[in-house]
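This report refers to the structure that appears directly beneath it.
The values are calculated or read from the model by the stated rules, or taken from the named source; none is laboratory data. Just so it is clear, the structure is predicted and the values come from calculations on it, not from any experiment. All Cβ positions, even for glycine, are placed from backbone atoms using ideal geometry, and neighbour counts span all protein chains on display. Surface accessibility is based on the protein's heavy atoms, side chains included, excluding ligands, DNA and RNA. Shrake-Rupley method; radii C 1.70, N 1.55, O 1.52, S 1.80 Å.
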Amino acid sequence: MSPPASCRWPAALLRVCTAPWGLRPRDERALLAPRAVTAVPAAGRKDRPALPALEERELEEQFVKGHGPGGQATNKTSNCVVLKHVPSGIVVKCHQTRSVDQNRKLARKILQEKVDIFYNGEHSLVYKEKQEAEKKKQERKKRAKETLEKKKLLKELWESSKNVH
């Protein structure tokens, strides 16, 4: 039995997730109740707070042809995902793998981080992490420079002591 013509959608639109992860069918009331923005834990990070969740109804998803190295396998298949967050206008294009499903997941993760930066600015988790990484990089650079200067001084002292004898 096929659905009426008004209910048919292109294959790309049929992949919409209707329930949050971990929600069981008996928890239907949770779906129907009005809720504030829920937080989704960041992938692979248990020690950091969660990023704001993306609502599927706020997203526009397109599949376009790929680009770059890989020849015919990349240039003729529509496995590049273009994801747009309608309220903020942020667009993410993801073509990191050959798999459409993996590209969809990666695009959502990237978009989630960009939306967090867009709405929270300097208070964003991603922004803070980048600042911490930059600070550590500067500290390493400073230590390396100090070590190099110490080595030069030591070499000069060794050369001067060698010339005295």
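Here are the numbers:
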{"read-out": "Which listed residue is surrounded by fewer than 17 Cβ atoms within 10 Å (Cβ to Cβ), in contact with a strand residue (DSSP E or B) (Cβ under 6 Å, 6 or more places away or on another chain) and of a type outside the set (V, I, T), from K93, K130", "value": "K93"}
{"read-out": "Residue that is open to solvent by 80 Å² or more (accessible area, probe 1.4 Å), within 30 Å of E61 (Cα to Cα) and under 13 Å from the mean Cα position of the chain (by Cα), where the choices are Q102, Q112", "value": "Q102"}
